[in-house]
Amino acid sequence: MFKKLADVTRSQQPVFFMGDYLIWNTIPHQSADNMGMSVRSYSSRLDRFISARKGMKRADVRLLLAQKRVQVDGLIATDINQLVGQFSHISVDNEVLQDCVPRYLMMNKPAGVVSATEDVKNKTVLDLLAPDERVGLHIPGRLDFNTTGLILLTNDGHWSRQLSLPERNIAKMYTVTLAQPLDNSYVEAFAAGMYFEYEDITTRPVKLEILSDHIVKVSLVEGRYHQIKRMFGRFQNEVVALHRDAIGPLDLDLSLAPGQCRALTAAEIVSLAN
Ligand code: URA
């Protein structure tokens, strides 16, 4: 039942505009999971799910299964032990019991919006999406209010947990513009790690690539609170602009203007999950 990556990629729909900001392409009933990748976590037994959803006795659910009246992801299901997850498409006869499509977006975050699902004072990244497109999304790996660049949005909690596992060492790449000129002494200090008293931790090695007097590429594998600003703060050097270019193998799509977003391709979803 698993499709090959090539088939899935061909099945994508074209990109189109919705609203002022949104670029969108969807992969209906499609996720990295049905490419045989372990992106999705299976959480519930099929008979339990149907019993709870339809208020039926488990013996009656078994009968439904035996009568071949249940479908999971378009296939007849007969096994009471079959596991289903948040994104399994489940129907009994022609009644759809669950139809939650996994969604994975990248946004070019503009400055001046909060990386949060809601905020009483300021506009959030979710406010940049049409109301019906926001439902259920969360943000793995937030950026500060004035930081710009690559941010992810998804409704797949398992996928986002994979991204934040420390042992995966997923590097985040930033371009940093500084108020004062920098020199090679920074490179050593960032690579050695810095002790943050408040959290009682020493930062893991951070790579710097100096591009000019005031501009540097930064690559780090953790995401401590205001980490980049605090590290340059040790040199009394203020960060005047901070832009995230990439998360692991995923580069910000340069065709996205600030505030625009698009769905990740199947290959991009998988590249981050594995
Ligand atoms: N480090 C910061 O200081 N801010 C960000 O938004 C990201 C990394």
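Applying 1/(1 + (r/R0)^6) with R0 = 35 Å to the Cβ-Cβ distance of Asp73 and Ala257, what FRET efficiency is obtained, to the nearest 0.05?
Details: r = 36 Å, r/R0 = 1.04.
Given R0 = 35 Å and the Cβ-Cβ separation, E is 0.45.
Considering only Ala241, Ile215, Leu165, whose Cα is most displaced toward the positive end of the charge dipole of the range 133-274, charges sitting on Cβ of Lys, Arg (+1) and Asp, Glu (-1)?
About the Cα centre, the residue reaching furthest to the positive side is Leu165.
Shape verdict for the range 135-179, please, from the Cα gyration tensor: rounded (a/c under 1.5), prolate (a/b greater than b/c) or oblate.
oblate
Suppose the chain between Leu63 and Asp144 were pulled fully straight at 0.36 nm per residue; how much longer would it get relative to their current alpha carbon spacing?
Numbers: separation 81, 0.36 × 81 = 29.16 nm, distance 5.40 nm.
Using 0.36 nm per residue and subtracting the Cα-Cα distance, I get 23.8 nm.
Past the 19 Å Cα-Cα mark, which pairs from Lys172/Lys207; Lys123/Lys172; Lys109/Lys207; Lys109/Lys172? Intermediate values should be presented prior to the final figure.
On the way: Lys172/Lys207 11 Å; Lys123/Lys172 24 Å; Lys109/Lys207 23 Å; Lys109/Lys172 15 Å.
Beyond 19 Å between Cα atoms: Lys123/Lys172; Lys109/Lys207.
Under the rule a/c < 1.5 gives rounded, and otherwise a/b versus b/c splits prolate from oblate, where does the range 41-98 land using the Cα gyration tensor?
Working: a/c = 1.40, a/b = 1.19, b/c = 1.17.
Since a/c stays below 1.5, the shape of the range 41-98 is classed as rounded.
How would you rank Leu254, Leu46, Leu264, going from fewest to most other Cβ atoms within 10 Å of each one's own Cβ?
Details: Leu254 8, Leu46 21, Leu264 24.
Ascending Cβ contact count within 10 Å gives the list Leu254, Leu46, Leu264.
What distance in nm lies between label points placed 7 Å from Cα along the C-beta direction at Ser185 and Val96?
It is 6.3 nm.
Taking the Cα-to-Cβ direction at Ala267 and at Glu199 and moving 7 Å from each Cα, how far apart do the two end points lie in nm?
Taking the two extended label points, one gets 3.4 nm.
Of Ile50, Gly85, Val96, whose Cα points farthest to the positive end of the dipole of the range 41-98 (charges on the beta-carbon: +1 Lys, Arg; -1 Asp, Glu; origin at the Cα centre)?
My answer, from the dipole projection, is Ile50.
Taking 0.36 nm per intervening residue step and subtracting the Cα-Cα distance, what contour gain separates Arg53 from Leu165 on full extension? Please report the intermediate quantities before stating the final value.
Numbers: separation 112, 0.36 × 112 = 40.32 nm, distance 3.30 nm.
Additional length available on full extension: 37.0 nm.
First measure r as the distance between the Cβ atoms of His214 and Thr124, then evaluate 1/(1 + (r/R0)^6) with R0 = 30 Å and state the FRET efficiency to the nearest 0.05. Walk me through the numbers before you get to the answer.
Details: r = 30 Å, r/R0 = 1.01.
Calculated value: 0.50.
If we count other beta carbons within 10 Å of each Cβ, what is the order of Lys229, Lys109, fewest first? Each step should come with its number before you reach the end.
Values: Lys229 16, Lys109 29.
Lowest count first: Lys229, Lys109.
Could you please rank Tyr198, Tyr186, Tyr174, placing first whichever residue has the fewest other Cβ atoms within 10 Å of its Cβ? Don't jump to the answer; show the numbers that get you there.
Details: Tyr198 8, Tyr186 20, Tyr174 24.
With the sparsest Cβ surroundings first, the list reads Tyr198, Tyr186, Tyr174.
Values quoted throughout were computed directly from the atomic coordinates according to the rules given, and no laboratory measurement underlies them. Computed from a predicted structure; not experimentally measured. Here the Cβ is made from the backbone with ideal geometry for all residues, glycine too, and neighbour counts use every protein chain on show.
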